[in-house]
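Since the structure comes first, as structure tokens, the remarks are kept for the end.
Just so it is clear, none of the values below were taken in a lab; they were calculated from the coordinates. Remember, it's a predicted structure, so these values are computed and weren't measured experimentally. Methodologically, a virtual Cβ is constructed for each residue, glycine included, from the backbone with ideal geometry; neighbour enumeration extends over all protein chains shown.
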Amino acid sequence: MTTEKLISEIKKKQSFLCIGLDVDLNKIPKYLLKEEDPIFAFNKAIIDATHHLCVAYKPNTAFYEAYGIKGWKALEKTIKYLNEKHPEIFTIADAKRGDIGNTSTMYAKAFFEDLAFDSVTVAPYMGKDSVEPFLAFKDKHTILLALTSNQGAFDFQTKTIDDKEVYKHVLETSKSWNDANRLMYVVGATKAEYLADIRQIIPDSFLLVPGVGAQGGNLHDVCKYGMNDSVGLLINSSRGIIYASNTEDFAEASATKASELQQEMALELANYFGN
Ligand SMILES: O=C(O)c1cc(=O)[nH]c(=O)n1[C@@H]1O[C@H](COP(=O)(O)O)[C@@H](O)[C@H]1O
């Protein structure tokens, strides 16, 4: 999917919501455990109830790898379902991969070819040659961790080297690795006060912004400092949406939560674009 298509979907749906499909079998409604594939059954119900309210889904691979082969097969069924039924939806494999070039190439093949995701999250700690194999897939997007939502971001990312915070080094160094619209960055919603500085460095890149909902990030602050003329934001919520209820009405409850966020986003778009 191109960035232009993503932007047109955001404008059409008046939403820049990304729903995280982080399935924990201890949290899904108990009756689903009788299903032949409970993980896919849960994801399918969430997708069917929310696809008109969001522009992206983001399964975190950890929640599938935790269940071994069954989990990986459910991930494969989920991405196949999305690609067949909702090709207009932007898909993110939240895998946080990165290794020497030869190995990163295999990670890229896993998520871009075998599973056909639109994008993958990458940890850039190993530098340019660990990221380039993902960028080599010209029709795919690479999403680099820059300033993360967790408290641990302050252990390294905000420390300074040569009078500049590490996360700024990541942004300034990596922005030349690719054209702006296929290299995206993760900035946590809990770090909204850093967004003005971040936009000084990468005014045009899309930001994947996790941390709204369960982690307490503020959607309005993210929009106030992070939105640009292409919207430039995909705001994620996982637990806050998919675990809105653990009874038979879980899909409707998730749709209600997603609708609340979509309505907030529509207001933010109207405020920014003045329509
Ligand atoms: O790469 C990510 O998506 C990510 C980066 C980050 O800084 N913080 C963060 O929470 N995430 C992921 O975003 C999702 C957030 O989940 P919730 O806190 O349940 O909304 C999880 O899959 C996290 O692994």
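Numbers for the structure displayed
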item	result
Centroid-to-centroid separation of segment 4-74 and segment 170-195 [C-alpha atoms, Å]	25
Peptide ranges 153-164, 131-142, 111-122, 20-31 listed from the most packed, as the mean C-beta count within 10 angstrom indicates	111-122, 131-142, 20-31, 153-164
Three-way shape label, segment 139-213, alpha-carbon gyration tensor, a/c 1.5	oblate
Shape of segment 125-168, Cα gyration tensor, a/c cut at 1.5	prolate
Dipole magnitude of the chain, debye to nearest 20 (Cβ charges: Lys/Arg +1, Asp/Glu -1, about Cα centre)	180
Net +/- balance of residues flanking LYS159 in space, Cβ distance below 12 Å, scoring K and R +1, D and E -1	-2
Cα gyration tensor shape of segment 1-147, rounded if a/c is under 1.5, else prolate or oblate by comparing a/b with b/c	oblate
Exposure proxy ranking, count of Cβ atoms within 10 Å, fewest first, for LYS58, LYS11	LYS11, LYS58
Fewest-first sequence of MET184, MET106 by Cβ atoms within 10 Å of each Cβ	MET106, MET184
Mean Cβ count within 10 Å, highest first, over the residues of peptides 225-235, 68-78	225-235, 68-78
Charge dipole (segment 3-274, unit charges on Cβ, about Cα centre) - positive-most of LEU207, ALA56, LEU183	ALA56
Relative exposure of ILE201, ILE242, ILE89, judged by other C-beta atoms within 10 Å (fewest first)	ILE201, ILE89, ILE242
FRET efficiency, 1/(1 + (r/R0)^6) with R0 51 Å, evaluated for HIS169 and ASP48 via beta carbons	0.75
Distance violations [Cα-Cα > 25 Å] among LYS13/LYS85; LYS27/LYS70; LYS73/LYS175; LYS12/LYS96	LYS73/LYS175; LYS12/LYS96
Two-site label geometry, SER245 and TYR225: point separation in nm, points 7 Å out along Cα→Cβ	3.6
Percent of beta bridges antiparallel (DSSP, segment 3-274, rounded to nearest 5)	10
